[in-house]
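What follows is calculated from the coordinates using simple rules that are stated; it is not laboratory data. This is a predicted model, so every value here is computed, not measured.
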């Protein structure tokens, strides 16, 4: 199963430079890295990144994260994937820009289900 993380350009650059990250400020504050499923990621973009430019969408394969990935209830009672360790660059299957087009983020083809 693929899960997704939205990073600002500087956060993505820091992960590439350092090889790992505790995540965005909200991740650091909460003690885990927040992810979304393909069904959740557009709402995440709308809720937490409305109008934001210079974003990147990171795709991660969930299975190799093992027991450090927990599924926990969050927004609206839905279960979201949370990673209880640093995100490593080696965890990232791919990353692509998430451009803002006419006020909405344009996701790569095949991401949203």
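Before moving on, here are some points about what is shown:
- A convex hull fitted to the Cα coordinates of the chain yields 99 cubic angstrom per residue.
- Measuring nothing but how far apart in sequence close Cα pairs (under 8 Å, 6+ apart) lie, relative to its length, the chain scores a relative contact order of 35 percent.
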